[in-house]
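Encoded as structure tokens, the structure appears first; notes follow it.
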Amino acid sequence: MMKQEETHLQSSKSQDEQDMESLLLHDPDTDHRLPPQPVTIPHPFNSFLDPPSYAEAIFTSFDNNNNNNSPSSSNPQSPDFSSQPGSGSGSESDSDFLYISVTDPLKEQELATSLVPGGNAYYTYLITTRTNLPDFGGPGSEFSVRRRFRDVVTLSDRLSETYRGYFVPVRPDKSTVESQVMQKNEFVEQRRLALEKYLRKLGMHPVIRKSEELRLFLEVRGKLPLVKTTDVASRMLDGAVKLPRQLFGGEAGAEVSEVAQPAKGGRDLLRIFKELKQSVANDWSGTKPLVMEEDKEFMERKEKLVEFEQQLSTVSQEAESLVKSQQDMGETMGELGLAFVKLTKFETEEAIFEAQRIRATDTRNVATAAVKASRLYRELNTQTIKHLDKLHDYLGTMLAVNNAFADRSSALLTVQTLSSELVSLNSRIEKLEVASSKVFGGDKSRMRKIEELKEAHRVTENAKTCADREYERIKENNRSELERIDKERHDDFFSMLRGFVVNQAGYAEKMAAVWEKLAEETTTYSIDSS
């Protein structure tokens, strides 16, 4: 949302504002890029900011990294390596870097499946990487590939499957509706920016940045060499022969390790039914499941994160309201300046007496000050968006956190399901053994069934061991990620608040200086020093 506000700010200058500024070109003080002039007269406006003066700090971010003027934002054809995601708090070394830039959207035609000219057109993006990481070839490595959005979806799916329990950044939405409503160029540019932001987040993650999936995505040209997840239709066509039968009492028809992965679609249809049954039993039956979440510290932190997400959402909404208010204030001040410009022109043309000319000069000074204030409000809003957009970023991070917690719940449910299945198998075996013992010489059919159930029990026990390991692995991933996110949140919020406060204070000082100078120069409204 804040990115859209920023785009609107850059394109919202009206013809009236341009006319207003053209009337004031000869005023050297209207150039906001000039260094601020010291105010010579003492006044309470400046007393709460003196010392220090923030005015010198506001046109560049306190960390000397102004994203608003980055080449990637102003010129999508040129790679932007100005930001350094590799040196963030999530990286293991300040000397390691992984710079990713998305540029040069190119419309292409999918000729193989297209029956109508232009019917299957899509955009590809040039993804340029520069890094010194050994996994990518070491110092001086730079390479480029072209990818389409579908490739990003495949990468995201693979990362979610492979790195369960990690806070894997959430990819941009497909936004089919927006692509139909928005102007094509605007939509493509927004998607380019979103993809760049997403890939940079992946590059900042201390584990995913070293993943084979990300390396292949960034390095290998041509078709993406990542196997996509089989869709539901294909799984159902495969039939039940590939189902992990250890879940329902048959011979194993798949790798035991598959049971540690989430159930998917038609292929795991019976497993889904069993896990759904277990989930209902957990919620509604009077007995507790055999395996439960026992990490009280984790549960407490999870509850706190839920509350944090709610508070974060509220603050983000208020930040958007602040941006809108500052934008409205800048536009209103500009319109006021235009009105005074027109009044100045009228007074000058109609002036007969010296008093009218003095009044026209005073009016022109007010118009000049209003123009300056309007510009300052626009600049302040740009800086506000730049810093408070971190709130919106963390709402995206919370989606990744929730996905990782869902991985943990899914793994626990698998363990619970297998535990219940083992109990059921044991019960069936015991009943058959009792029934068989009552028959002289044994019941061959029952004995054969007992052997089948014992084999199913052995396979299921192996599967549960694998599921236990997966659950413990996800728990450890959650733990390490929570530690990482706590540190990064401290650093990111300190940086955000510091930048926001410095800019608010600095622009308040500059605006006060504008009106103080007006009060000094306007003879009719000069400040009474007494």
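The values are calculated or read from the model by the stated rules, or taken from the named source; none is laboratory data. Keep in mind the model is a prediction, meaning the values are calculated, not measured. Cβ placement follows ideal geometry from the backbone for every residue including glycine, while neighbour counts extend to all protein chains displayed. Side chains included, ligands, DNA and RNA excluded: accessible areas come from the protein's heavy atoms. Shrake-Rupley method; radii C 1.70, N 1.55, O 1.52, S 1.80 Å.
Of the residues contained in region 425-439, one or more are found to be touching a residue at least 24 places away in the same chain (Cβ under 8 Å) and not aliphatic (A, V, I, L, M). Summed over region 141-163, the residues that are among the charged types (D, E, K, R) and surrounded by fewer than 19 Cβ atoms within 10 Å (Cβ to Cβ) give a count of 6. Name the residue that is farthest from R375 (Cα to Cα), counting only residues in region 340-357 that are surrounded by 15 or more Cβ atoms within 10 Å (Cβ to Cβ) and out of contact with any helix residue (DSSP H, G or I) (no Cβ under 8 Å at 6 or more places or on another chain). Per the stated criteria, the residue is K345. Set side by side, the residues K386, K390, K372 differ, and just one is assigned to a helix (DSSP H, G or I), modelled with pLDDT of 90 or more and under 30 Å from E521 (Cα atoms), which is K372. For region 308-333, the set of residues classified as open to solvent by 40 Å² or more (accessible area, probe 1.4 Å), over 19 Å from the mean Cα position of the chain (by Cα) and either among the hydrophobic types (A, V, I, L, M, F, W, C) or under 18 Å from D486 (Cβ atoms) (or both) consists of L322, M329, listed by residue number. Of (1) open to solvent by 40 Å² or more (accessible area, probe 1.4 Å); (2) within 46 Å of the chain's Cα centre (by Cα), E452 satisfies all except one. Which? Among (1) open to solvent by 40 Å² or more (accessible area, probe 1.4 Å); (2) within 46 Å of the chain's Cα centre (by Cα), the lone unmet condition for E452 is (2).
Just one of the listed residues (R150, R130) is closer than 21 Å to T103 by Cβ, in a strand (DSSP E or B), modelled with pLDDT under 95 and in contact with a strand residue (DSSP E or B) (Cβ under 9 Å, 6 or more places away or on another chain), and it is R130.
Is it the case, given these coordinates, that E488 is modelled with pLDDT under 95 and open to solvent by 40 Å² or more (accessible area, probe 1.4 Å)? Working first, answer last.
Numbers: modelled with pLDDT under 95: yes; open to solvent by 40 Å² or more (accessible area, probe 1.4 Å): no.
It is false that E488 is modelled with pLDDT under 95 and open to solvent by 40 Å² or more (accessible area, probe 1.4 Å).
A Cβ distance below 8 Å, combined with a sequence gap of six or more or placement on separate chains, defines the contacts here; from region 212-223, residues that are acidic (D, E) reach residues that are assigned to a loop (DSSP other than H, G, I, E, B) and surrounded by 16 or more Cβ atoms within 10 Å (Cβ to Cβ) in the pairs E213/L226.
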